[in-house]
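As structure tokens, the structure follows; a few thoughts come after it.
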Amino acid sequence: METKLQAQKSREKWNFASFFFDCLTWADDKRFSPFKSRLFKKIKGKTLLVGAGTGKDFKFLPHDGQVIAIDISPKMLERAAQKAKFFPAILELKEADVCALDFPDAFFDSVLSVCTFCSVADPLRGMREIYRVLRPSGNFYLFEHVRSRIGPIGVLFDLLTPLSQRFGPDLNRDTVSNVRNSGFRIVKEENIYLDIVKWIEAVRI
């Protein structure tokens, strides 16, 4: 019951955020676009995109595979659908909670998460679901902002998180440790902006 309540609260929060999300993230889009353009080319085969948002990252996805993009917010997906019309390959949108995926085991060749696990109510549960639906030796890619390991910045993020999580993401998630603790083997960790925004590559063992 608690998980369903958490999911409903998250859905309502991101439904509300969808109305101003593109404006709020405009600067980050400009800053991180070159990195996404370079890194998302690694994605291959049947891919699950976790956190479709308003679809602003669709343009970075490769065109030679099949992508299923999920989001917990139907309002986000409504906006993503407009951008999906211009994607020149197979792209399916689906409302779903990453903590309770309805895909079969070992269904995907790769999974990409974009600034999502700073918001998932139960990140370990969500990552274990990704582990389940990813084929053995499949790749889990994350473009995420995380808690800084730089002392004063990390403390600042801890202090700001009770406010930020009311309207958006947590700022102090230890996502790297969560990836390891959910069973994956991390093969690459690249700092994109200080150590706050990271690119993480992991493999399903």
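The values are calculated or read from the model by the stated rules, or taken from the named source; none is laboratory data. Bear in mind that the values here come from a model prediction, so they are computed numbers and not experimental data. Cβ atoms come from the backbone with ideal geometry, glycine included; neighbour counts cover every protein chain shown. Surface accessibility is based on the protein's heavy atoms, side chains included, excluding ligands, DNA and RNA. Shrake-Rupley method; radii C 1.70, N 1.55, O 1.52, S 1.80 Å.
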Could you tell me whether Arg125 is in a helix (DSSP H, G or I), out of contact with any Pro (no Cβ under 6 Å at 6 or more places or on another chain) and at pLDDT below 95? no
Among the numbered criteria (1) more than 13 Å from Val111 (Cα to Cα); (2) within 18 Å of the chain's Cα centre (by Cα); (3) of a type in the set (Gly, Ala, Ser), which one does Gly51 miss? (1)
Output yes when any residue across segment 30-42 is among the aliphatic types (A, V, I, L, M) and not in a loop (DSSP other than H, G, I, E, B), and no when none is. yes
Quick count over segment 87-114, residues being within 11 Å of the chain's Cα centre (by Cα) and either at pLDDT below 95 or assigned to a strand (DSSP E or B) (or both), is 4
Residue check, Phe157 open to solvent by less than 80 Å² (accessible area, probe 1.4 Å) and either assigned to a strand (DSSP E or B) or touching a residue at least 40 places away in the same chain (Cβ under 8 Å) (or both): no
Report yes if Asp195 is in a loop (DSSP other than H, G, I, E, B) and either at pLDDT 95 or above or open to solvent by less than 20 Å² (accessible area, probe 1.4 Å) (or both), otherwise no. yes
Going through segment 187-197 one residue at a time, which ones are in contact with an Asp or Glu (Cβ under 6 Å, 6 or more places away or on another chain) and of a type outside the set (A, V, I, L, M, F, W, C)? Lys188
How many of the residues making up segment 167-184 are part of a helix (DSSP H, G or I), open to solvent by 50 Å² or more (accessible area, probe 1.4 Å) and in contact (Cβ under 8 Å) with a residue 24 or more places away in the chain? 2
Within segment 132-152, tally of residues that are of a type outside the set (Lys, Arg) and loosely packed, with under 15 Cβ neighbours inside 10 Å: 5
Return the total of residues in segment 47-82 being at pLDDT 95 or above, of a type outside the set (S, T, N, Q), open to solvent by 60 Å² or more (accessible area, probe 1.4 Å) and farther than 25 Å from Lys198 by Cβ. 3
Filtering segment 11-52 down to residues that are in contact (Cβ under 8 Å) with a residue 40 or more places away in the chain, among the polar types (S, T, N, Q) and within 24 Å of Val203 (Cα to Cα) yields Thr47
